[in-house]
Amino acid sequence: MSVHIIAEAGSNYNGSVTLAKQLSGVAKAAGADSVKFQIIYTNGLYKAGQYAFGHYEIDDVRRVRDLGELPDEAWQEIAQDAATQGIPFSASVFDTRGLDLLCKLDPPYIKLASCDLNNLRFLREVAARGRRMIVSTGMSTLADIEKTVSTLNKEGICGDKLVLLHCVSAYPAKLEDTNLGFLQTLRSAFGTAVGFSDHTLSSEAAAVAIALGATWIEKHFTTDHTLEGFDHKHAMEPQAFQSYVETLRAAETALLPKVIKIGPAEAYTRERARRGVYFSKDLPAGHRLTEQDIEVLRPQSPIAADEADDVVGMILKHSVDAHSAVRWSDLES
């Protein structure tokens, strides 16, 4: 299966339809397979009131989220624009309102963020829509994931309807913390397609993930990482994102099995780098060859190095010059 690269626009549209359309254009130009936004309604994700919220002030968080909200008509316009640009549109959803809206836009998949991996009530609601679900597994133990997968399987979300994305919920994530071997654990434990939600600042981890069998890669991108918002700072700007996609496509191509292992470039190298079988001295017709009569040296010749033993003991049909290539047509039993 080919690798599906999700261009994760997330909330980086900053409540602007124009910026959202620009992000779809960047995703298309980079060669991504789909563009994905986050449809977030503040009241559907955060409780009211004052409380500690990590290193954020909750009022600032709600203010940014409120600024990012768009009416349904705006999302319809964004989805239609993506279709016009030729790139499939989808989104992460966080409540019933967002889910209802997204399903009206006929997405190729529905994304569930890591924060909702254990939100079984909402997962069942999403599963009831019968669409492919992509679920990120950040901040989760294997037991957490097992409970989620079991719940979704009971709702008919299994096989190619479920994709599990390995994810390290750190922004940005360090390469040495990506724990990419967990991809193989996911695949062997659940038998689903697996992928990698990449929060690093480079392409190395994603390329390794592909080598380990990931068929979905998700990467945050932006038009400008200096814009206000939660994801711009660790997102890739257009040129970097295009290079990222190109690197992953190259990795994907490198892993494709070839019917003929030796391609033209390697065949050219082989011609000079492999050894052939040559006469070590001038020899007369009728001479029976010994090991001392031949040499195995570069470059390649009509008789390969691994056939040198077969030449010993054969008789020359005619005289030969030293250092000339041995040919089967020179010899007889």
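The values are calculated or read from the model by the stated rules, or taken from the named source; none is laboratory data. All of these numbers come straight from a predicted model, not from anything done at the bench. We place every Cβ from the backbone using ideal geometry, glycine too, and count neighbours over all the protein chains shown.
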Worksheet item: Do we have any residue at all in region 276-294 that's touching a strand residue (DSSP E or B) at 6+ places or on another chain (Cβ under 7 Å), assigned by TED's automatic domain parsing to the domain that holds R65 and part of a helix (DSSP H, G or I)?
Response: no
Discussion item. Looking at region 27-59 only, could you name the residues that are free of Cβ contacts under 8 Å to residues at least 24 places away in the same chain and touching a strand residue (DSSP E or B) at 6+ places or on another chain (Cβ under 9 Å)?
Written reply: Y46
Worksheet item: Hey, does region 115-136 have a residue that's within 23 Å of T215 (Cα to Cα), out of contact with any helix residue (DSSP H, G or I) (no Cβ under 7 Å at 6 or more places or on another chain) and polar (S, T, N, Q)?
Response: no
Discussion item. Can you find a residue that is more than 30 Å from L23 (Cβ to Cβ) and surrounded by 16 or more Cβ atoms within 10 Å (Cβ to Cβ) anywhere in region 232-254?
Written reply: no
Worksheet item: Picking from A193, A214, A207, A143, which residue would you name as being over 17 Å from the mean Cα position of the chain (by Cα) and among the small types (G, A, S)?
Response: A143
Discussion item. So the check is Cβ under 8 Å with 6+ separation or different chains; which pairs have a first residue in region 297-325 that's in contact (Cβ under 8 Å) with a residue 24 or more places away in the chain and a second one that's among the aromatic types (F, W, Y) and part of a helix (DSSP H, G or I)?
Written reply: P302/W328; I303/W328
Discussion item. Any residue in region 92-108 that is within 14 Å of Q76 (Cα to Cα) and outside the structural domain of K161 (by TED's automatic domain parsing) sitting within a Cβ distance under 9 Å of a residue that is surrounded by fewer than 19 Cβ atoms within 10 Å (Cβ to Cβ) and among the small types (G, A, S)? List the pairs, counting only those 6 or more apart or interchain.
Written reply: none
